[in-house]
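A short worksheet on the structure shown next.
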Amino acid sequence: MKFTVDEFRAWKHKCVTLLGMSGVGKTYLSAMLRRSDWFHYSGDYRIGTRYLDEPILDLIKARAMRDPFLRDLLRRDWITIRNIIKVHDLGPVLSFIGKLGNPELGGLPLDEFSRRQALYREAEIAAMLDVPEFVRKAQEIYSYPHLVNDVGGSLCELDEPRVIDLLARHSLILYIRVPEADEIKLIQRAQADPKPLYYRAEFLKAAIADYLAERRLSYVAEIEPDDFTRWVFPRLFHSRVPRYEAIARPHGYTVSSEDVAQVRDERDFLSLIESAIARDAAA
């Protein structure tokens, strides 16, 4: 949605979608707003608890069935397995996505990696299409007047216009941009602790070809998973920036991660948005 400052102030039930790379402050803002009567809708939490819950459990059970002791317990229904996914700890989701590369080093073959990537994409689309229903639930069931939509960094990779159109109709989209001076710090943090990531199929295909050529490897099975994840992250970051901007320009507003770091309470957050609206109107 687009607003004037006065229209935003008068918006009785606010819904804000936070857009940007992991590490720019989306979850920080969401956790802070949760203390001020905002419902925190985490896209990745919804993915893990609703749309990938069964595939994650299937993966865990398949691994457990390799052990004769656990296999016997499972087949006799003497034990159960369930996910424990938390908003601040999405370990099962990340473990399901996995990393590409040598299986002996914990990596996944390309076919299996691509299958999981496709499942994650469909799950993220479904989770975003659920946002209007959770706006209703937040108000009618949980008595939260406002909702903050904490989306994954991969939202810009989905190439699914209906998702962006829906979010633009039902929320104010706030893109958190990383200033050029801070790009290196964000990339270094990501490379220090490489986590599983979602990649567009076309991006992944080109990245694999370049990585194999640069490392003088012949097969995906030779890839060291963490090394590839570290190597590819700067490329991924720079490929996502114009995609975020293409969403924010027509549909939302832009602030910097530096500005977000200064937000301490709901009043600061609302002032940040009002300033972004005013800048957009003056441009």
Worksheet item: When residue 19 is evaluated against the numbered criteria (1) buried (at least 16 other Cβ atoms within 10 Å of the Cβ); (2) over 25 Å from residue 203 (Cα atoms), which criterion, by number, is the only one it fails?
Response: (2)
Discussion item. Name the single residue that is modelled with the lowest pLDDT among those in the stretch 84-102 being of a type in the set (Val, Ile, Thr) and surrounded by 11 or more Cβ atoms within 10 Å (Cβ to Cβ).
Written reply: 87
Discussion item. If I ask for residues that are within 23 Å of residue 129 (Cβ to Cβ) and of a type in the set (Lys, Arg), which ones from the stretch 24-57 would you list?
Written reply: 26, 34, 46, 50
Worksheet item: Got a sec? Which helices (runs of 4 or more DSSP H) wholly within the stretch 1-69 have at least 1 residues that are under 30 Å from residue 113 (Cβ atoms) and charged (D, E, K, R)?
Response: 26-34, 43-46, 53-64
Worksheet item: Has the stretch 196-215 got any residue that is farther than 30 Å from residue 7 by Cα, free of Cβ contacts under 8 Å to residues at least 40 places away in the same chain, among the hydrophobic types (A, V, I, L, M, F, W, C) and crowded, with 17+ Cβ neighbours inside 10 Å?
Response: yes
Practice prompt. Answer yes or no as to whether residue 141 is more than 30 Å from residue 64 (Cα to Cα), among the aliphatic types (A, V, I, L, M) and either buried (at least 20 other Cβ atoms within 10 Å of the Cβ) or touching a residue at least 40 places away in the same chain (Cβ under 8 Å) (or both).
Written response: no
Worksheet item: Is it fair to say residue 53 is of a type in the set (Asp, Glu) and in contact (Cβ under 8 Å) with a residue 12 or more places away in the chain?
Response: yes
Practice prompt. State whether the residues of the stretch 70-83 include one that is surrounded by fewer than 12 Cβ atoms within 10 Å (Cβ to Cβ), in a helix (DSSP H, G or I), at pLDDT 95 or above and of a type outside the set (Val, Ile, Thr).
Written response: no
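The values are calculated or read from the model by the stated rules, or taken from the named source; none is laboratory data. As the structure is a computational prediction, the values presented were derived from the model and not from experiment. Neighbour counts are summed over all protein chains in view; Cβ atoms, including those assigned to glycine, are modelled from backbone coordinates with ideal geometry.
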